[in-house]
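Working notes, beginning with the structure itself.
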Amino acid sequence: MNDHNQTAKASSAITLRPVVAEDEPLLLELYASTRAEEMAMVPWTREHQEAFVRMQFDAQQAHYKKIQPDANHDIIMSNGRPVGRLYVARTKEHIEIMDITVLPPERNGGIGSSLIRDLMKEAESSKPLRIYVENFNPSLHLFERLGFKVIEEDGFMLLMAWAPKSPPPSQ
């Protein structure tokens with residue numbers, strides 16, 4: 001199946017709903033999935049790994065709430081099943097994807113691409129769409145393919161932006 005067909009298939013079944021307190025186990029699982037490779041390299045016990053991931057998750061949540069208290073924090077639903085999260089801040093200057101994470105079994109099926117394209121359509125009539133991505137993150141290639149450009153580098157962190165003057169790619 002090509003990327004366009006995957007995106008069409010994914011977008012027809014994808015919805016968002018606001019995060020509620022009962023979503024915390026899912027949010028922690030999503031966060032842990034982004035740290036799994038790193039945790040596989042440390043010689044810690046499973047309990048130490050879980051404690052570390054929990055501490056980092058709590059710090060991330062607190063940081064996001066502090067820097068963007070009015071951001072939208074949504075659960076990504078696929079055919080009625082929770083499969084990810086999308087954290088988006090809309091400011092006067094830009095729309096910022098603070099976090100987009102899909103559960104590992106659901107990755108590479110067009111879910112993230114579909115949601116990013118929706119945000120690109122929103123940005124077309126208003127302001128740049130931005131995201132911070134680590135230079136080693138596999139999703140970097142997705143953002144490059146969608147037309148995002150690096151506008152700042154800070155160590156391994158890249159600030160990428162998509163400008164509304166160019167329409168989002170159709171594939």
Next on the checklist: Please go through region 131-143 and give me each residue that is within 13 Å of the chain's Cα centre (by Cα), open to solvent by 50 Å² or more (accessible area, probe 1.4 Å) and of a type outside the set (Ser, Thr, Tyr), ordered by number.
Outcome noted: Glu134, Pro138
Item to check | Residue match in region 74-83 (condition: of a type outside the set (Val, Ile, Thr) and either part of a loop (DSSP other than H, G, I, E, B) or farther than 26 Å from Pro18 by Cβ (or both)) | outcome: yes
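Can you tell me which residue among Met120, Met157 is out of contact with any Ser or Thr (no Cβ under 9 Å at 6 or more places or on another chain), surrounded by fewer than 18 Cβ atoms within 10 Å (Cβ to Cβ), more than 21 Å from Glu29 (Cα to Cα) and not small (Gly, Ala, Ser)? Walk me through it before giving the result.
Numbers: Met120 fails: surrounded by fewer than 18 Cβ atoms within 10 Å (Cβ to Cβ).
One residue alone meets the criteria, Met157.
Conditions (1) farther than 25 Å from Ala163 by Cβ; (2) among the aliphatic types (A, V, I, L, M), marked per residue:
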position: His48; (1), (2): yes, no
position: Met55; (1), (2): yes, yes
position: His63; (1), (2): yes, no
position: Leu103; (1), (2): yes, yes
position: Asn108; (1), (2): yes, no
position: Val133; (1), (2): no, yes
position: Pro138; (1), (2): no, no
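Can you name the residue in region 90-117 that is in a loop (DSSP other than H, G, I, E, B) and out of contact with any strand residue (DSSP E or B) (no Cβ under 6 Å at 6 or more places or on another chain) and, of all such residues, is most open to solvent (accessible area, probe 1.4 Å)?
First, pick out the residues of region 90-117 that are in a loop (DSSP other than H, G, I, E, B): 91-94, 103, 107-110.
If we keep only those that are out of contact with any strand residue (DSSP E or B) (no Cβ under 6 Å at 6 or more places or on another chain) as well, we get 91-93, 107-110.
On the way: Thr91: 28, Lys92: 188, Glu93: 119, Arg107: 91, Asn108: 146, Gly109: 32, Gly110: 8 Å².
For region 90-117, the residue satisfying everything is Lys92.
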Checklist entry - Of all residues in region 24-55, which are under 24 Å from Pro138 (Cβ atoms) and under 17 Å from the mean Cα position of the chain (by Cα)? => result Leu26, Leu27, Leu28, Glu29, Leu30, Tyr31, Ala32, Ser33, Thr34, Arg35, Ala36
Checklist entry - Residues in region 123-134: is at least one assigned to a helix (DSSP H, G or I) and on the phi < 0 side of the Ramachandran plot? => result yes
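One line per residue, one yes/no per condition, for (1) closer than 21 Å to Ile131 by Cα; (2) open to solvent by 60 Å² or more (accessible area, probe 1.4 Å); (3) assigned to a strand (DSSP E or B); (4) touching a His at 6+ places or on another chain (Cβ under 6 Å):
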| position | (1), (2), (3), (4) |
| --- | --- |
| Glu29 | no, yes, no, no |
| Glu37 | no, yes, no, no |
| Pro43 | no, yes, no, no |
| Glu47 | no, yes, no, no |
| Val53 | no, no, no, no |
| Gln61 | yes, no, no, no |
| Lys66 | yes, yes, no, no |
Checklist entry - Are there any pairs, at least 6 apart or on different chains, whose C-beta atoms fall under 6 Å, with the first in region 129-144 and of a type in the set (Asp, Glu) and at pLDDT below 95 and the second open to solvent by 50 Å² or more (accessible area, probe 1.4 Å) and outside any helix (DSSP H, G or I), and if so, which? => result Glu134/Phe156
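The values are calculated or read from the model by the stated rules, or taken from the named source; none is laboratory data. A quick note: this is a predicted structure, and the numbers were derived from the prediction, not measured. Glycine also receives a Cβ, built like all others from the backbone with ideal geometry; neighbour counts cover every protein chain displayed. Ligands, DNA and RNA are stripped out before the accessible areas are found, and what is left, the full protein with its side chains, is counted by its heavy atoms. Shrake-Rupley method; radii C 1.70, N 1.55, O 1.52, S 1.80 Å.
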